[in-house]
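Q: Mind looking over this structure? Questions follow.
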Amino acid sequence: MKTIHNMAIVALLLAGSDVYAGSGVQAVKQTLQGYEQAWSRHDGPAIASFYYEPAMRVSKAGPLVRSTRAAEEAFFDGFVQLLVVKGYDHSDWQVLHVHLLNARTAIASGVVTRYRRDGSILQRQGVTYDLWRTDQGWKIFLSATHAPQSALQFH
């Protein structure tokens, strides 16, 4: 009888973890959708609000650590303005894959398409994020830009 009881508890825990994993993945995707909406508004402080501090960005130029919210905002204000000068209007996810590593850590990878005002494509950018679930929701603590074909897929 005790074995059946223990098996039932394990089954419930496993079923619950699947439910949590699904809702966790959706929460990360919603966070990253909101992140792209902030980009589309050209709102540096809003973009910065999606980050955990300190955060690190890795690009072709190498890693860059931003340790404060003020550093995040200054970085994104400048970066968005550079994109706007090049014709950037808005962006959207073309592909987005999310995998929960545990209840508080996720990795997301995909391709963001940046558009001009006329709807033509300015750029396709591969991005990979590590996120941490805080009391304020999911926050990015590591971002890496790369070629679109290098986006990770999870099974």
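The values are calculated or read from the model by the stated rules, or taken from the named source; none is laboratory data. Since the model is a prediction, treat every value here as computed from it, not as a measurement. Backbone-built Cβ (ideal geometry, glycine too); neighbour counts: all protein chains shown.
Q: Check the stretch 71-82 and report whether any residue there is part of a strand (DSSP E or B), touching a Phe, Trp or Tyr at 6+ places or on another chain (Cβ under 8 Å) and either at pLDDT 95 or above or basic (K, R) (or both).
A: No.
Q: Check off (1) touching a strand residue (DSSP E or B) at 6+ places or on another chain (Cβ under 8 Å); (2) loosely packed, with under 15 Cβ neighbours inside 10 Å; (3) modelled with pLDDT of 95 or more for R41 and give me the number that stays unchecked.
A: Going through (1) touching a strand residue (DSSP E or B) at 6+ places or on another chain (Cβ under 8 Å); (2) loosely packed, with under 15 Cβ neighbours inside 10 Å; (3) modelled with pLDDT of 95 or more one by one, R41 breaks only (1).
Q: Tell me, please, whether a residue that is over 15 Å from S49 (Cα atoms) and either acidic (D, E) or in contact with a helix residue (DSSP H, G or I) (Cβ under 6 Å, 6 or more places away or on another chain) (or both) can be found in the stretch 119-128.
A: Yes; the residues of the stretch 119-128 include at least one that is over 15 Å from S49 (Cα atoms) and either acidic (D, E) or in contact with a helix residue (DSSP H, G or I) (Cβ under 6 Å, 6 or more places away or on another chain) (or both).
Q: Right, next: Would you check if there is a residue in the stretch 147-155 being assigned to a strand (DSSP E or B) and either on the phi > 0 side of the Ramachandran plot or surrounded by 15 or more Cβ atoms within 10 Å (Cβ to Cβ) (or both)?
A: no
Q: Another question, then. Looking at (1) closer than 20 Å to Q33 by Cβ; (2) within 14 Å of the chain's Cα centre (by Cα), which one does M56 not meet, given that it meets all the others?
A: (1)
Q: For the stretch 120-142, enumerate the residues that are within 12 Å of S91 (Cβ to Cβ) and loosely packed, with under 14 Cβ neighbours inside 10 Å.
A: If the condition is that a residue be within 12 Å of S91 (Cβ to Cβ) and loosely packed, with under 14 Cβ neighbours inside 10 Å, then I121 is the only one that fits.
Q: Ok, one more. What tally of residues in the stretch 83-116 results from selecting those that are more than 24 Å from Q136 (Cα to Cα) and either among the basic types (K, R) or touching a residue at least 24 places away in the same chain (Cβ under 8 Å) (or both)?
A: Matching residues across the stretch 83-116 total 15.
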